[in-house]
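This report concerns only the one structure given below.
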Amino acid sequence: MKRRVVLLIALTGLLVVLLAPPSVGGSTSYVITRGASMEPRFHTGDLAVVRAGGDYSVGDVVAYRSDLLNSVVMHRIVAVEDGRYTFQGDNNSWLDPEQPTATDLIGALVVRVPQGGTWLERVTGPVGLGVVAFALVAGGGTAAHTRHRRRARGAARHSISRPSRPSSTSHTTMPTLAAAPPWMRTAAAGTGVLGVLGLALGALAWTGPLTEPTVGQEPTGRTMTFSYTASVPPSAAYDGTTVTSPSPVFRTLADTVDVQLAYRGPSGQITVDAELSTAGGWRSTVPLTGPVDVADDQAELAVRLDLVALEARAQAAALATGMPADQVTVDVVASVQSGDLPAFAPALHLLLSDLQLRLVGDASALTVVDAAVVDRVAETPRSIAFGNVSISVATGRAVSGWLALGSLLVAAALIVALRRMSLPGEDAEIRNRYGSMIVVVQPMVTPAGRPVVDVPEFATLAKIAERYGLLVLHWTRSGVGTFVVQDEGTTYRYRASVDAPPRARGRGSTAAAAPDRGLALTATHGPPSHRSPDVGAVRPGLPHQG
């Protein structure tokens, strides 16, 4: 039996090691899916069990921490480059905007439990933890109540004056925890502590929501990348027939330039204009496109610059103002409106002269990142702090559920082991069965002139003690347990072996039944010099057992 219990405890420990979350030193995490990005394989409420690993490759379904969303995202890896992973949901047509590194990855998918997240939330919720607590209390209460009913039935049978018939059927009573081996008492105490910790942690984790609102600033995430091209005839000026940015465009070979714009960011509208200006202060705006809707967080546009028309407009202004226009600054401005976000107006700065159109600055000027920041109210995971250690509420709920469930399983195993355990010796069984009426004392000397009556079974002694409202005094010496009841003028005694197994008995009695002729009570009134040091007397012809 001990081997089974040890094996059960070992298996429970192995499961705890395999299923423990990182917050308690494990490497297994649990993700409850939300949304439709991984359909049809995953649905809202499914439970994904992921484990941290040293190598992740394209095609793996991996959970990672998203700084942009302040949550955990589980998508499939579609590319790995320079230590960064590109993710995409199976049901999404776009890539995830973030490219996390290995330190941001939580673990790869091990197993999917359909609707397991829904059931886990129920089990670790207030109702589920209440049911577990009730089961723990009810299990112990039922066992105690069963023992109480057995004891009551046994006491009722003992009070019948008619002697019981002899029987060879043995009766085993489940030992109390106090009489259990030290390892079992230690396991029971540890199980109780784990159960209480689980309930306490569950109470803390379920007294509030999973997340809490936090206010912070973050960039808008909008970028605009410019580029331009121009078609030219074959000549010694260029290696080919297409000029690309950031190379200058010579006017003798090209009169038009195509400008490309690639936008990434929240949806909205984009309007493109050409803003002309000269050193004398003249400014003019030439519309290039009307508002263009951006619906999928990215857009690509193209506009054409007519260099002849732009120069003619600048020269007409110079003629009107009398100020020369040797060079014209051409700024291609894209005005982006995205909901409540601040206006974003990236510009491509070009310089137009009689000879060429060139980029102002180097190639880095072709990409413009929105420097504005906005206040964001994000739902961040709530945490529970224990000194310098803190865990998330979601982890606390899961750990509390596992602690409560594990303590319940171990408690059930201990109860089974305790029920199958039998105490050695009749003396120990009597103390276990009638412990409420027995008082352990030091060996006592027989009072002078006091008669001693030996009873054939402990049930008779128990009946005498109950009838007179007395306690049973008990001590053990030389392998024999002595039980006595002292009335006003008589001492009633029963002796039981410490090592010998319980005697055969009938109908719940503890020793052999008395013969049909009545109770065999033997009284001895020898002088004090013939009595043993213990309470009682030496009966002639019988060995002394004191």
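The values are calculated or read from the model by the stated rules, or taken from the named source; none is laboratory data. Remember, it's a predicted structure, so these values are computed and weren't measured experimentally. All Cβ positions, glycine included, derive from the backbone under ideal geometry; neighbour counts span all protein chains shown.
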Subject >> Residue satisfying condition, being buried (at least 20 other Cβ atoms within 10 Å of the Cβ) and modelled with pLDDT of 90 or more, within set 399, 453 >> reply: 453
**OP:** Please indicate, with yes or no, whether at least one residue in the stretch 362-379 is at pLDDT below 85 and of a type in the set (Asp, Glu).
**Re:** yes
**OP:** Kindly provide the set of residues from the stretch 303-333 that are more than 22 Å from residue 355 (Cβ to Cβ) and modelled with pLDDT under 95, ordered by number.
**Re:** 320, 321, 322
Subject >> Listing of strands (runs of 3 or more DSSP E) fully contained in the stretch 180-276 that carry 1 or more residues being within 30 Å of residue 385 (Cα to Cα) >> reply: 211-219
Original post:
When you go through 78, 62, 58 one by one, which is the residue that is in a loop (DSSP other than H, G, I, E, B), modelled with pLDDT of 90 or more and not acidic (Asp, Glu)?
Top reply: 58
Original post:
Filtering the stretch 370-392 down to residues that are surrounded by fewer than 16 Cβ atoms within 10 Å (Cβ to Cβ) and among the β-branched types (Val, Ile, Thr), which residue is farthest from residue 220 (Cα to Cα)?
Top reply: 389
Original post:
Of the residues in the stretch 435-463, how many are outside any strand (DSSP E or B) and more than 58 Å from the chain's Cα centre (by Cα)?
Top reply: 10
**OP:** For the stretch 227-248, enumerate the residues that are touching a residue at least 40 places away in the same chain (Cβ under 8 Å) and either outside the structural domain of residue 272 (by TED's automatic domain parsing) or of a type in the set (Ser, Thr, Tyr) (or both).
**Re:** 227, 228, 245
Subject >> Where a residue in the stretch 366-383 is free of Cβ contacts under 8 Å to residues at least 12 places away in the same chain and its partner, wherever it lies, is of a type in the set (A, V, I, L, M), with Cβ under 8 Å and at least six apart >> reply: 383/391; 383/393
Subject >> From 274, 203, residue being at pLDDT below 90 and either surrounded by fewer than 17 Cβ atoms within 10 Å (Cβ to Cβ) or of a type outside the set (Lys, Arg) (or both) >> reply: 203
Original post:
Going by the conditions given, is residue 244 in contact with a Phe, Trp or Tyr (Cβ under 9 Å, 6 or more places away or on another chain), surrounded by fewer than 14 Cβ atoms within 10 Å (Cβ to Cβ), over 30 Å from residue 401 (Cα atoms) and not acidic (Asp, Glu)?
Top reply: yes
Original post:
Condition test on residue 334, is it in the same structural domain as residue 228 (by TED's automatic domain parsing) and out of contact with any Phe, Trp or Tyr (no Cβ under 6 Å at 6 or more places or on another chain)?
Top reply: yes
Subject >> Count of residues meeting criterion [of a type in the set (D, E, K, R) and either more than 20 Å from residue 315 (Cβ to Cβ) or touching a Phe, Trp or Tyr at 6+ places or on another chain (Cβ under 9 Å) (or both)] in the stretch 273-291 >> reply: 1
**OP:** Among the numbered conditions (1) modelled with pLDDT under 95; (2) within 24 Å of residue 252 (Cβ to Cβ), tell me where residue 350 comes up short.
**Re:** (1)
Subject >> Selected residue (only one of 435, 479, 449 is over 29 Å from residue 72 (Cβ atoms), among the small types (Gly, Ala, Ser), without any contact (Cβ under 8 Å) to a residue 60 or more places away in the chain and out of contact with any strand residue (DSSP E or B) (no Cβ under 6 Å at 6 or more places or on another chain)) >> reply: 479
**OP:** Within the stretch 325-341, track down each residue that is surrounded by 13 or more Cβ atoms within 10 Å (Cβ to Cβ) and not polar (S, T, N, Q).
**Re:** 325, 328, 330, 331, 332, 333, 334, 336, 341
Original post:
For the stretch 354-382, how many residues are in contact with a strand residue (DSSP E or B) (Cβ under 8 Å, 6 or more places away or on another chain) and not in a strand (DSSP E or B)?
Top reply: 9
Original post:
Hey, residue 73 hits all of (1) within 20 Å of residue 397 (Cα to Cα); (2) surrounded by 13 or more Cβ atoms within 10 Å (Cβ to Cβ); (3) among the aliphatic types (A, V, I, L, M); (4) modelled with pLDDT under 85 but one; which does it fall short on?
Top reply: (4)
Original post:
Could we say that residue 441 is outside the structural domain of residue 188 (by TED's automatic domain parsing), farther than 30 Å from residue 32 by Cα, buried (at least 19 other Cβ atoms within 10 Å of the Cβ) and modelled with pLDDT of 90 or more here?
Top reply: no
**OP:** Determine which member of the set 398, 404, 394 is part of a helix (DSSP H, G or I), touching a helix residue (DSSP H, G or I) at 6+ places or on another chain (Cβ under 9 Å) and closer than 20 Å to residue 68 by Cβ.
**Re:** 394
Original post:
Hey, any hits in the stretch 417-431 for a residue that's of a type in the set (Ser, Thr, Tyr), surrounded by fewer than 21 Cβ atoms within 10 Å (Cβ to Cβ) and within 56 Å of the chain's Cα centre (by Cα)?
Top reply: yes
Original post:
Taking residue 293 and the conditions (1) surrounded by 14 or more Cβ atoms within 10 Å (Cβ to Cβ); (2) under 50 Å from the mean Cα position of the chain (by Cα); (3) farther than 23 Å from residue 246 by Cβ, which numbered condition does it fall short on, given that it satisfies the others?
Top reply: (1)
